[in-house]
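Okay, structure first, notes after.
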Amino acid sequence: MAEPGAVAIILHAKRALEGAIDLLFARPKALAGFEFTIAGFWLSFAAIVLLVPPFVISTLSEARLGIGLGLWPEDAFPWGALFAARAVELVVDWVFFPVVMAILARPLGIAARYVPYMIVRNWANVVAAAIYAVPEVLFSFGVIGGDVWLAATLVAFLIVVYYRFQVARAALGAPIGLAAGLVAFEMLSSVVVTELLDRVIGP
């Protein structure tokens, strides 16, 4: 039997994910599912656990693509090194943007909404990962080829960009320019951090 504390956490996560999905479809009162407290802030970082399945799918898809392109030998594929590198990149990327935003929040005039923004952002990233996972799953199981996978991934990317824009607008009450800038900064910083780490610890 689950402990009461565990049940509370599961219910908290369920409400937050429902709110994140409501935001994706621009449903009214989407923010009502989130707990905008300090406890809710720290708990939202535990949402990284829910990124494990999409992480595994994405890494397997990357491996399949790399083998298909001849980047890695199939008979001596560095599975351990690849998964270890991608796991480190996932964790660093997960905390990098919140840390940077904690520093920039006051200069940007969003300090009062920083906690709600991070809470919504963290749970929304689970939904974003699920969106990215759709073409990855289809490609990994051979349902679609490389060209279709690339097109589907581009569509998923555009959906996620729009979604993150919606998150920034809703959670911060930010004007269009600031919301767009924050989305661009988060996505660019994610690419830069991942690329730098890949050069250092990548297989």
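The values are calculated or read from the model by the stated rules, or taken from the named source; none is laboratory data. Just so it is clear, the structure is predicted and the values come from calculations on it, not from any experiment. Glycine also receives a Cβ, built like all others from the backbone with ideal geometry; neighbour counts cover every protein chain displayed.
Summed over the range 168-179, residues that are in a helix (DSSP H, G or I), without any contact (Cβ under 8 Å) to a residue 60 or more places away in the chain and in contact with a Lys or Arg (Cβ under 9 Å, 6 or more places away or on another chain) total 3. Out of the range 60-77, which residues are surrounded by 12 or more Cβ atoms within 10 Å (Cβ to Cβ) and not in a loop (DSSP other than H, G, I, E, B)? Result: Leu60, Ser61, Glu62, Ala63, Arg64, Leu65, Gly66, Ile67, Gly68.
Condition test on Ala32, is it assigned to a loop (DSSP other than H, G, I, E, B) and surrounded by fewer than 18 Cβ atoms within 10 Å (Cβ to Cβ)? No: the conditions fail for Ala32.
Considering Tyr117, Tyr162, the condition of being of a type in the set (Ser, Thr, Tyr), over 22 Å from Leu90 (Cβ atoms), out of contact with any strand residue (DSSP E or B) (no Cβ under 6 Å at 6 or more places or on another chain) and modelled with pLDDT of 95 or more is satisfied by Tyr162 alone. Scanning the range 90-130 for residues that are assigned to a helix (DSSP H, G or I), more than 24 Å from Glu195 (Cβ to Cβ), of a type in the set (Val, Ile, Thr) and more than 9 Å from the chain's Cα centre (by Cα) yields a total of 3. On inspection, Phe165 does not qualify as under 21 Å from Thr59 (Cβ atoms) and in a helix (DSSP H, G or I). Among the residues of the range 128-140, is any under 19 Å from Ala180 (Cα atoms) and out of contact with any His (no Cβ under 7 Å at 6 or more places or on another chain)? Yes, the conditions are met somewhere in the range 128-140. Considering the range 131-159, and only residues there that are surrounded by 17 or more Cβ atoms within 10 Å (Cβ to Cβ) and of a type in the set (Ser, Thr, Tyr), the residue that is modelled with the highest pLDDT turns out to be Tyr132. Exactly one residue among Ile57, Ile10 is of a type in the set (Val, Ile, Thr), under 21 Å from the mean Cα position of the chain (by Cα) and loosely packed, with under 12 Cβ neighbours inside 10 Å, and that residue is Ile10. Within the range 86-140, being of a type in the set (Gly, Ala, Ser) and over 21 Å from Ala13 (Cα atoms) holds for Ala87, Ala102, Ala105, Gly109, Ala111, Ala112, Ser140.
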